[in-house]
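Remarks on the structure that follows.
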Amino acid sequence: MSPAKLQLLRHAMERYAPLHDATWTALSHACTERKLAKGETLVPIGAYSQHLYFVCQGLLRSYTLSHEGKEYNKKFFPENTFPGSIRALLKNEPSTFALQALEETSVIAIDHTAYRRLLESKEDLKWYHIQYLEKNWVLDKEPIEVGLALADSTARYRAFIAKHAALLSRIPLHHIASAIGVTPTQLSRIRKTNT
């Protein structure tokens, strides 16, 4: 794996907390690179994943399926983000959503077992982990869930474009519609009244 890609991962992690060189060296040994073609699935629904992921280049979406087979987009993961199901990893259960590349994508796969062993012994990695979970699973997630429950479709669209302005040209419209809980036709009407 290229040192430049590993450096991207370290920089992304150190936005939350600094890591000692010894911790970083140990963690980097648990990393491998995976390249995905556009449309390729990284983690299928129902799969058991053994990795945490980091997007070096490209764009992934997470989605689930209804009982009728309809896709619902959950989240989009551009460069410098960490896609995956922490719940499925922690409980060693099948993922309830899939990760699929919307573009040619390069990710770093971090072996979860090795990562957990390091968490037990490295205080700086523990602090990173706490900071990451607080920011992404508490502070950022709660307002999103409340907004989805209370906002109408136009407000959800406006919130989506505010949050993902840099990604709008990279995400197909039918995926945006799915993410905000409307049909592509409804999204077309919303976009016409909001231009």
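The values are calculated or read from the model by the stated rules, or taken from the named source; none is laboratory data. Remember, it's a predicted structure, so these values are computed and weren't measured experimentally. Neighbour counts run over all protein chains shown; Cβ positions are idealised from the backbone, glycine included.
Of note:
- Residue tally, condition out of contact with any Cys (no Cβ under 8 Å at 6 or more places or on another chain) and in a strand (DSSP E or B), over region 27-67: 21
- All of ILE110, ILE161 fail the test of being out of contact with any Pro (no Cβ under 7 Å at 6 or more places or on another chain) and modelled with pLDDT of 90 or more, apart from ILE110.
- Identity of the residue in region 177-189, touching a Lys or Arg at 6+ places or on another chain (Cβ under 9 Å) and surrounded by 16 or more Cβ atoms within 10 Å (Cβ to Cβ), that ends up farthest from LEU59 (Cα to Cα): VAL182
- For ARG87, the conditions (1) surrounded by fewer than 20 Cβ atoms within 10 Å (Cβ to Cβ); (2) part of a loop (DSSP other than H, G, I, E, B) all hold with the exception of (2).
- One residue alone among GLU79, GLU104 is under 25 Å from MET1 (Cα atoms), modelled with pLDDT of 95 or more and in contact with a Lys or Arg (Cβ under 6 Å, 6 or more places away or on another chain), and that residue is GLU104.
- Complete set of residues in region 104-130 that are out of contact with any His (no Cβ under 7 Å at 6 or more places or on another chain), assigned to a helix (DSSP H, G or I) and either within 29 Å of LYS35 (Cβ to Cβ) or acidic (Asp, Glu) (or both): THR113, ALA114, TYR115, ARG116, ARG117, LEU118, GLU120, GLU123, LEU125, TYR128, HIS129
- Candidates THR64, THR81, THR113, filtered to the one that is of a type outside the set (Phe, Trp, Tyr), touching a strand residue (DSSP E or B) at 6+ places or on another chain (Cβ under 6 Å), loosely packed, with under 15 Cβ neighbours inside 10 Å and in the same structural domain as LEU9 (by TED's automatic domain parsing): THR64
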